[in-house]
Amino acid sequence: MAIDRQALVTRHNVTLDLVDPLSPLSVGNGRFCFTADVTGLQTLRTEYNEGIPLATMAEWGWNSHPNTGDARPEDTVETIDTYGREVPYLVNQRAESADWLRANPHQTNLGAIGFVDGDGETLSADGITSPRQHLDLWRGHLSSRFEFSGELVEVETVCHPESDTIGIRATSTRIGSGDLAIALVFPYTSAVWGKDPADWDGPDRHTTSVDVGVDLTVIDRRLDDLAYSCSVHHGPNVGIELAAPHTVVVRSIDVDRIELVIAFSPGAFEGTPTFGDVKRSTEHYWAAFWQSGGAIDLLLLDAQKNTYLPNGHNFQAARLPLDLPGNGGLLTAVAMMAAGWDGGTGGRAFPEGWDVRHEGLWAMP
């Protein structure tokens, strides 16, 4: 019996109808990932820090804080008796250098993109009603809708399959009236234990410069040894301002829709894609992806054989493009949650109740 691959994939589409900090959804391409809350953006990052933080990350986005203490790996060496031999291991986490070595280099939250009200204030979960969000796996398309101040807001979020680019289309009368805008906020990086990889309280430790054009605004970022650009492609009917040292606000001018294509790059980004371009590329790529390689439909098995997975493991293909392949298939959400992990169980970097341990990488069955 032939497998209906579209039915197999869409069977696992995700629908949310509440604000759940432990259930953010993501779009990505294997080298880049954007994790969103129920608004389709990263509006509720404060609330989601209590669960799984919202972040924007790329493979190239590594940063190291200044090594002011001249930390060296050899500072953490201890010799351990190993079957009669004294063997040096880098295991002394009590050494002064250990904290810096553990935390550096670290992944960077490249920026948070979320809704703000007419005064530039971030929306709260209390101000969002009747949320409804749907992740279409077959098309790689995240659609969200909610009400703000009694009016409907509809959001489409997609990620380009070949570049570190997010496409956003937001529609609402509140956007046209100026009561709703989109803000891009850029943090420093955190090196302390915790869920959020960003430091939102170090404005003097990094720089954000903005060059506003008619259809393109380029934001240059500098923090320690990492430099990158954020290119915001937009139409002429928007106003853009640097509202705070690291906050860029995008407002519509008399139009009920904002369409943005936001590209992150360690160098200059070439090309001028529209939201439609990104959406079409995304849908074409994911449809082709799901139709390539092998597929197994467990619902075609006898009920007795389909009661449970034999070993209880959910094997994660390292090439699934939503996740960063550099970490061997580890879920991107987990990679985003912590500034570092020493391998211990019950670490403070993970939500309460999680039992996290390293078991090595399993081969695909």
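Quick one: in segment 230-244, of everything that is free of Cβ contacts under 8 Å to residues at least 24 places away in the same chain and not in a strand (DSSP E or B), which residue is farthest from ASP179 (Cα to Cα)?
Across segment 230-244, the extreme among qualifying residues is PRO236.
Which residue out of PRO266, PRO273, PRO245, PRO236 is within 20 Å of the chain's Cα centre (by Cα) and at pLDDT below 95?
Being within 20 Å of the chain's Cα centre (by Cα) and at pLDDT below 95 holds for just one of PRO266, PRO273, PRO245, PRO236, which is PRO266.
Does VAL27 satisfy the criteria of being in contact with a helix residue (DSSP H, G or I) (Cβ under 9 Å, 6 or more places away or on another chain), at pLDDT 95 or above, hydrophobic (A, V, I, L, M, F, W, C) and not in a loop (DSSP other than H, G, I, E, B)?
yes
Would you confirm whether any residue within segment 36-43 is surrounded by fewer than 21 Cβ atoms within 10 Å (Cβ to Cβ), in contact (Cβ under 8 Å) with a residue 60 or more places away in the chain and more than 20 Å from VAL248 (Cβ to Cβ)?
No: segment 36-43 contains no residue that is surrounded by fewer than 21 Cβ atoms within 10 Å (Cβ to Cβ), in contact (Cβ under 8 Å) with a residue 60 or more places away in the chain and more than 20 Å from VAL248 (Cβ to Cβ).
Can you confirm whether ASP201 is among the charged types (D, E, K, R), closer than 28 Å to LEU180 by Cβ and either assigned by TED's automatic domain parsing to the domain that holds LEU54 or in contact (Cβ under 8 Å) with a residue 40 or more places away in the chain (or both)?
yes
Suppose the filter is under 25 Å from ALA58 (Cβ atoms), part of a strand (DSSP E or B) and among the charged types (D, E, K, R); does GLU147 pass it?
The answer is no for GLU147.
Quick one: in segment 190-213, of everything that is in contact with a helix residue (DSSP H, G or I) (Cβ under 9 Å, 6 or more places away or on another chain) and in a strand (DSSP E or B), which residue is surrounded by the fewest Cβ atoms within 10 Å (Cβ to Cβ)?
Here the answer is ASP199.
Could you check SER124 against (1) crowded, with 17+ Cβ neighbours inside 10 Å; (2) in contact with an Asp or Glu (Cβ under 8 Å, 6 or more places away or on another chain); (3) closer than 20 Å to LEU16 by Cβ and say which number it fails?
Going through the list (1) crowded, with 17+ Cβ neighbours inside 10 Å; (2) in contact with an Asp or Glu (Cβ under 8 Å, 6 or more places away or on another chain); (3) closer than 20 Å to LEU16 by Cβ, SER124 breaks only (1).
Would you mind finding the one in ALA181, ALA227, ALA198 that is touching a Pro at 6+ places or on another chain (Cβ under 6 Å), small (Gly, Ala, Ser) and more than 30 Å from HIS12 (Cα to Cα)?
Answer to the selection: ALA198.
Is segment 173-187 home to any residue that is crowded, with 22+ Cβ neighbours inside 10 Å and charged (D, E, K, R)?
yes
Quick check on this structure: which one of HIS106, HIS141, HIS134 is closer than 30 Å to ARG72 by Cα and in contact with a strand residue (DSSP E or B) (Cβ under 7 Å, 6 or more places away or on another chain)?
Sole residue among the options that is closer than 30 Å to ARG72 by Cα and in contact with a strand residue (DSSP E or B) (Cβ under 7 Å, 6 or more places away or on another chain): HIS106.
Can you find a residue that is among the small types (Gly, Ala, Ser), within 25 Å of TYR188 (Cβ to Cβ) and surrounded by 18 or more Cβ atoms within 10 Å (Cβ to Cβ) anywhere in segment 52-59?
Among the residues of segment 52-59, at least one is among the small types (Gly, Ala, Ser), within 25 Å of TYR188 (Cβ to Cβ) and surrounded by 18 or more Cβ atoms within 10 Å (Cβ to Cβ), which makes the answer yes.
Restricting attention to segment 146-162, and to residues there that are surrounded by 20 or more Cβ atoms within 10 Å (Cβ to Cβ) and either within 20 Å of the chain's Cα centre (by Cα) or modelled with pLDDT under 95 (or both), which single residue is farthest from LEU180 (Cα to Cα)?
The qualifying residue farthest from LEU180 (Cα to Cα) is PRO161.
The values are calculated or read from the model by the stated rules, or taken from the named source; none is laboratory data. This structure is a prediction, so every number in the text was calculated from the model and none was measured. Reconstructed Cβ throughout: ideal geometry from the backbone, glycine too, with neighbour counts over all protein chains shown.
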